[in-house]
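A.B. asks: Input: one structure, supplied below.
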Amino acid sequence: MITLEKVSFTYRSGQRALQEIDLNLEGGDFIAIMGENGAGKTTLAKHLNGLLKPSQGRVLVDGEDTRKVSVARLSRKVGLVFQNPDHLLFSETVKDEVAFGLKNFGFAPEVVHNQVTRTLEALGLSEYAETSPFLLSGGERKRVALAAILATEPDYLILDEPTIGQDYQQKERLRNFILQLYSQGKAVVMITHDVEFVAESNPKVILLSQGRIVAQGPADSVLSKDELVKKASLVRPQMSRLFGELTKYGLPSDVVDVHRARILLEEKLSEAKVRVAQNS
Amino acid sequence: MSLRTLEGFKFSTLKTPVHLLDPRTKFLLVIAVLVPALLFANIYVMIALLLSQVPLLFVGKVARRWALSLRAGVFLSALIFVVNLFTGSYLSAIALTLRFLVLLTSFSLFFMTTSPDDLGLALDRIGAVRWLSRRWLGYPNALSFTFTTAVRLVPTLAVDAQTVVDAQRSRGLELDKGNLLKRVRNYIPILIPLLLIAIRRSLELAEALESRGFPGKEGRTSLFQLKLRPVDYSIIAVSLAIIGISFWVYFHYKIPVL
């Protein structure tokens, strides 16, 4: 479990990035952290594996205070995937890139080999194993960066803006992949601006604004409230806007995903059909 | 030495009398410090040169950050002192260490109080720079533009460097682990992404510039024009005098270390 207790953080420039954040993260959790640019999302993520230490309060990873443990040790449990893959790709081949973390953590060569093969397969990157990561497209590079972290099988996976530059099919695959991970008992935290992606995945949403948590709860209740969403400089997902207009027909306003929308609309339509049949 | 060393060379937007001096004046002042510092290895000269810059640091409101850069320079100073102790007397070792501090201070003062834009403008006004630029790059402002851009990109690159370090540490990289060779190799995963980011960024910058019509037909004009004020003229006169006297003394007398 990762526990943040009244965590505040101030950069050396004097900028206050986080103020009194309380947060619990357990296996099986799926959390989306959303908020305006500069709200403190990435700063928060960097606290989870000890890259940044809180100015006040403390962060405990499985009971260990991040101030007292090295980043390398925390990184075995907490995998942080950075937003821009260009900040971490350096190897000659995709295979070597994915193996880098495993080697740093001291795994045996055959374990490294097996893990690399498995991870590349899972992310649909097997055909690029021997390719230079720099020859891949932006979206593919991003998946290599994800593979590089996933290969070490962290208990907690932190994804900074995973959907940027991914086409819709890739987003769909990413969603399924995340689903698989947290149903296996891993914790997944996703930092994102992508309301539609969040609406469809239905995680717990934490809204950050100016370094504070302004709201948290299930995606459908948080993302369907105009005043909350505006605070975090977001707009409601399309489905929520549509259902906001349809309340006069007795439909609920907190619908954000296609699946639930379909069930509700089907119900309404068949009711209407019955009524039409009765009238005629 | 860390990135923090750079703090002592970073420009901050203030409007002190030192900031308002013409960049050319300030550059001449740097040379006026440089010339005697390099001609004479005398302890008194070094102390005088060092002290003479202190008021400017205070007037320019950069004394605190100068102290930061000094603190970062301590390691290098110690190295210079020890190396010179082996090759000469302890007095010359002191003099040479002081010389390093004098040079550090004058460059630090110059870069902390001169905006890169002003520097670019100043370079643009120097005929030799324009001529060279036209010969090599076919456009009179290209060299000064390159210089300004390079200076401008340093803080951006510093941010990137920090992110790359963070990203690789998150993958279990421990920079200060292992013997010397291992430690040097530890920097490969930092340097390669950083280099590629820089190259990619400059290509993008070039494309962005070209799509906005750079360099244009008539060459570049600028909104702000540099103008020498009476203060500048008097400082230029003093600087030239110092440089002249230094050379005169150097060719006529032999100055001992102490």
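A.B. asks: For peptide A:102-112, how many partner chain Cβ atoms fall within 10 Å of a residue's Cβ, on average?
C.D. replies: Per residue, the number of nearby Cβ atoms from other chains is 1 on average.
A.B. asks: Which whole number gives the average, over all residues in B:188-197, of C-beta atoms from other chains lying within 10 Å of the residue C-beta?
C.D. replies: Rounded to a whole number, the mean comes out at 4.
A.B. asks: Now for a separate question. What lysines could a cross-link reach from residue A:268, if we take a straight Cα to Cα line under 18 Å and drop same-chain neighbours fewer than 8 places away?
C.D. replies: A:248
A.B. asks: Let me ask another. With charges only on Cβ, +1 for K and R and -1 for D and E, what is the dipole size of the stretch A:19-76 about its Cα centre, in debye, rounded to 20?
C.D. replies: 380
A.B. asks: Based on the mean of other Cβ atoms within 10 Å per residue, sort peptides A:166-172, A:70-76 so the most packed one is first.
C.D. replies: Output ranking for A:166-172, A:70-76: A:70-76, A:166-172.
A.B. asks: Given the protein chains as shown and a 1.4 Å probe, how many square angstrom of residue A:213 are accessible, to the nearest 10?
C.D. replies: Counting only protein heavy atoms, residue A:213 exposes about 50 Å² to solvent.
A.B. asks: Another question, if that's okay. Where nothing but the Cβ of Lys and Arg (+1) and of Asp and Glu (-1) is charged, how large is the charge dipole of chain A around its Cα centre, in debye to the nearest 20?
C.D. replies: The dipole magnitude comes to about 720 debye.
A.B. asks: For the stretch B:82-212, what class follows from the C-alpha gyration tensor (a ≥ b ≥ c being the square roots of its eigenvalues): rounded when a/c is under 1.5, otherwise prolate if a/b is larger than b/c, else oblate?
C.D. replies: oblate
A.B. asks: Would you rank B:139, B:233 by solvent-accessible area, highest first, keeping every protein chain in place and using a 1.4 Å probe?
C.D. replies: Largest accessible area first, the residues go B:233, B:139.
A.B. asks: Which residue, B:112, A:170, B:226, has the largest displacement toward the positive end of the dipole of the protein assembly as shown when charges sit on each Cβ (Lys, Arg +1; Asp, Glu -1)?
C.D. replies: B:226
A.B. asks: Which of B:46, B:60, B:29 sits closest to the plus end of the dipole of the stretch B:2-118, meaning its Cα is farthest towards the positive end, when Lys and Arg get +1 and Asp and Glu get -1 on the C-beta?
C.D. replies: B:60
A.B. asks: When a/c reaches 1.5 or more, the comparison of a/b and b/c decides; with that in mind, is chain B rounded, prolate or oblate per its Cα gyration tensor?
C.D. replies: Verdict is oblate for chain B.
A.B. asks: Could I ask something else about it? At 1.4 Å probe size, put B:58, B:247 in order of accessible surface, largest to smallest.
C.D. replies: Ranked from most to least accessible, the order is B:58, B:247.
A.B. asks: What number, rounded to the nearest 500 deg cm²/dmol, is the helix-based mean residue ellipticity at 222 nm of the protein assembly as shown, given -39500 (n - 2.57) per DSSP H run of at least four residues and division by all its residues?
C.D. replies: -18500 deg cm²/dmol
A.B. asks: Please identify every one of the GluC sites (Glu not before Pro) in the stretch B:183-258 that sits in a loop by DSSP and has no more than 10 other beta carbons within 10 Å of its own beta carbon.
C.D. replies: Loop-located and lightly packed - B:218.
A.B. asks: Hey, what angle do you get for helix A:168-183 against the long axis of chain A, alpha-carbon based, 0 to 90 degrees rounded to 10?
C.D. replies: Rounded to the nearest ten degrees, it is 80.
A.B. asks: How much accessible surface area, in Å² rounded to 10, belongs to the heavy atoms of residue B:61 with a 1.4 Å probe?
C.D. replies: Accessible area, nearest 10 Å²: 150 Å².
A.B. asks: Please name whichever of A:38, B:80, A:270 sits farthest to the positive end of the charge dipole of the protein assembly as shown, dipole taken about the Cα centre and charges placed at Cβ: Lys and Arg +1, Asp and Glu -1.
C.D. replies: B:80
A.B. asks: Once you charge only the Cβ atoms, +1 for Lys and Arg and -1 for Asp and Glu, what is the size of the charge dipole of the stretch B:162-258 about its Cα centre, to the nearest 20 debye?
C.D. replies: 240
A.B. asks: Using only the Cα atoms of the stretch B:136-258, build the gyration tensor, take square roots of its eigenvalues as a ≥ b ≥ c, and label the shape rounded, prolate or oblate: rounded if a/c is under 1.5, else prolate if a/b is larger than b/c, else oblate.
C.D. replies: oblate
A.B. asks: Still on this structure: What is the packing order of peptides A:84-95, A:105-116, B:88-99, taking the mean over residues of other C-beta atoms within 10 Å and listing the highest first?
C.D. replies: Averaged packing, sorted descending, gives the order A:84-95, B:88-99, A:105-116.
A.B. asks: Then there is this: Take the Cα coordinates of the protein assembly as shown, assign each an equal point scatterer, and use the Debye formula without solvent to give log10 I(q)/I(0) at q = 0.07, 0.10 Å⁻¹.
C.D. replies: Log10 I(q)/I(0), no solvent term: -0.59, -1.01.
The values are calculated or read from the model by the stated rules, or taken from the named source; none is laboratory data. Nothing here was measured: the structure is a model prediction, and the numbers come from that model. Backbone-built Cβ (ideal geometry, glycine too); neighbour counts: all protein chains shown. Heads up: the accessible areas ignore ligands, DNA and RNA and are worked out on the full protein's heavy atoms, side chains in. Shrake-Rupley method; radii C 1.70, N 1.55, O 1.52, S 1.80 Å.
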